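Each value in this text was obtained by applying a stated rule to the coordinates, not by laboratory testing. Model, not experiment: these values are computed from the prediction. Cβ coordinates were reconstructed from backbone atoms using ideal geometry, including for glycine residues, and neighbour counts include every protein chain displayed.
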Amino acid sequence: MEVDLTLLLFIFALASFIGFELISKVPPTLHTPLMSGANAISGITIVGALIVAGSLGNPLGKWIGFAAIILATINVVGGFMVTDRMLEMFKKKEDEK
Amino acid sequence: MSTFLPETILNWLPDAIQLFYLVATGFFIRGVKLLNSPGTARKGNQFAAIGMLIGVLVTLFDQDIVEFELIVGGIVIGGLIGLLLAKKVQMTAMPELVAVFNGFGGAASALVAWGELARNPDILSFDTTGLVSIGLSVFIGALTFTGSFIAFGKLSGFISGNAITFPGLNVINIGAMIATLGLIGYFAYDPSNPTLFWVILGISLLIGVTSVIPIGGADMPVVISLLNSYSGIAAAMAGFVLQNNLLIVSGALVGAAGLILTNIMCKAMNRSLLNVIFGSFGAAAGGPGASGNGDKTVRETSAEDLAIQVAYASKVVIVPGYGLAVAQAQHIVKEVATKLESRGVQVKYGIHPVAGRMPGHMNVLLAEADVPYDLLKDMDEINPEFATTDVVLIIGANDVVNPLAKTDPTGPIYGMPILNVDEAKRTIVFKRSLSVGYAGIDNPLFYAEKNQMFFGDAKKSLQALNEALNEV
């Protein structure tokens, strides 16, 4: 599937605008979890790693893709779990009331 | 995985994948939005995680993916390591962990670009767009990787937290960045020389080191947040390499959101982003315990004396800082507070935006010690309350309560918003010595008439106070 570069740039720019608008008045309490959660999302590069490691081609490229999968998975799994661990502690207190 | 599907489904598979990518993106956007407020934050994180799961599962149906050994192996290994790190880490080490995760994310994006290059036998099969994207992805990903690990080293003390710099380093860094962009352009123009790729990778790794090294340890949270934004952009660039919409959209989303968050953090410290990156704040700070305390006197207090003061107060505000986190004293603080509350004393916590090692870090630490978060007051909320407060307990905080921020226009912290503890009837500073804080300046609060010092390790002092409260 050939994709037009202008279309990709268009998507990139629109997504950036959404990103700018998404973060508004975050209370300082949430700065750390928000950073950590956003960090986990940036592990989306795992999708690219899957394609590189699983497609046909030169073995060297596939092994590099394999290394990328490991690192990206650490980022994704660790990132979401540790963010949840932090937020769980905030949540618990509210339920007690 | 697509080989298991019948022919008819294969025909619309590429479109279906794109549609599911769109669904995943929706989960990311909704997730980040929900992460903005305390009540919904946990749900937001779960939304984002679901989006990620959808993205990964759908990608496995991509018709280009034909071999699964490496994929399964990589996910199992990475998943286990991630799980272990996330479960085991101490809450006090949270900033370090985020730095490490971020470094891995950046490295992964650089590897994706490099792997795609190495996978294709003929480098000339890439068009200009592909080559530029590969170059940018490697550049940003690699500098995120080394930069994050330097930040990790500074936070955990492997590398000196001081700003390590020399005149002209900033100029060299900026020059190196521009040169790298030039090299990427040349690489795209004439990719026949593979050495060029290695040069780009090498310089990028180096830039990560040299641009974070000159920044002081207390600014690392801002640096990590900025690098987090970079790793998003690196992922988006990898998306251009693979022409993958999900990577481009999610990467851009995180890149932009991370930039805004970084800016909010800088504002909390009353500094500009440029000042953090190039200012080398704290570089000129003298050694701890700088002279100049000689002729001023401080009043000391003891556990017993303090116990009486707080037990008969009607309102006590606790101001925790970096020192509290280091001494791991958050649980004992909670014990003391509980005892006071059972006596009918109103106890609140005043949290400066940059208390702890990272914005919001102190809230996490106190939440871990079961302090209800509605008692944690932001600076703007607590400042009007000091005038009616009987005793303020300042535990391991220094610069964030330094009145010089308001009174000394020549000082390094002038203009930084502080907690106005000097409006309270009495302040008690828990501190090991009279040494200076991170900014390297003396704190007049220590010598104020209304102030008393309680010298010693924060945890031991609080334990002594806790026991003394039993006797009152």
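So here's what we get for this one:
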item	result
Positions within segment B:313-344 being under 25 Å from B:Ile418 (Cβ atoms), assigned to a loop (DSSP other than H, G, I, E, B) and more than 29 Å from the chain's Cα centre (by Cα), in sequence order	B:Ala313, B:Ser314
Filter result (buried (at least 16 other Cβ atoms within 10 Å of the Cβ) and part of a loop (DSSP other than H, G, I, E, B)) within segment B:431-445	B:Leu434, B:Val436, B:Gly437, B:Tyr438, B:Ala439, B:Gly440, B:Ile441, B:Asp442, B:Asn443
Single match in B:Ile428, B:Ile413 (criterion: in a loop (DSSP other than H, G, I, E, B), in contact with a helix residue (DSSP H, G or I) (Cβ under 7 Å, 6 or more places away or on another chain), more than 29 Å from A:Met86 (Cα to Cα) and of a type outside the set (Gly, Ala, Ser))	B:Ile413
Failed item in (1) more than 7 Å from every other protein chain (Cβ to nearest Cβ); (2) surrounded by fewer than 19 Cβ atoms within 10 Å (Cβ to Cβ), with B:Asp64 passing the rest	(1)
Residues being closer than 23 Å to B:Met94 by Cβ and surrounded by fewer than 24 Cβ atoms within 10 Å (Cβ to Cβ) - total across segment B:227-260	2
Positions within segment A:20-57 being more than 7 Å from chain B (Cβ to nearest Cβ) and not in a helix (DSSP H, G or I), in sequence order	A:Lys25
Some residue of segment B:80-98 being under 14 Å from A:Ala40 (Cβ atoms), touching a Phe, Trp or Tyr at 6+ places or on another chain (Cβ under 7 Å) and buried (at least 17 other Cβ atoms within 10 Å of the Cβ)	no
Scan of segment B:18-46 for residues that are over 19 Å from A:Thr29 (Cβ atoms), more than 7 Å from chain A (Cβ to nearest Cβ) and not hydroxyl-bearing (Ser, Thr, Tyr), ordered by number	B:Gln18, B:Leu19, B:Phe20, B:Leu22, B:Val23, B:Ala24, B:Gly26, B:Phe27, B:Arg30
Subset of segment B:399-410 (residues that are surrounded by fewer than 23 Cβ atoms within 10 Å (Cβ to Cβ) and not basic (Lys, Arg))	B:Pro403, B:Leu404, B:Ala405, B:Thr407, B:Asp408, B:Pro409, B:Thr410
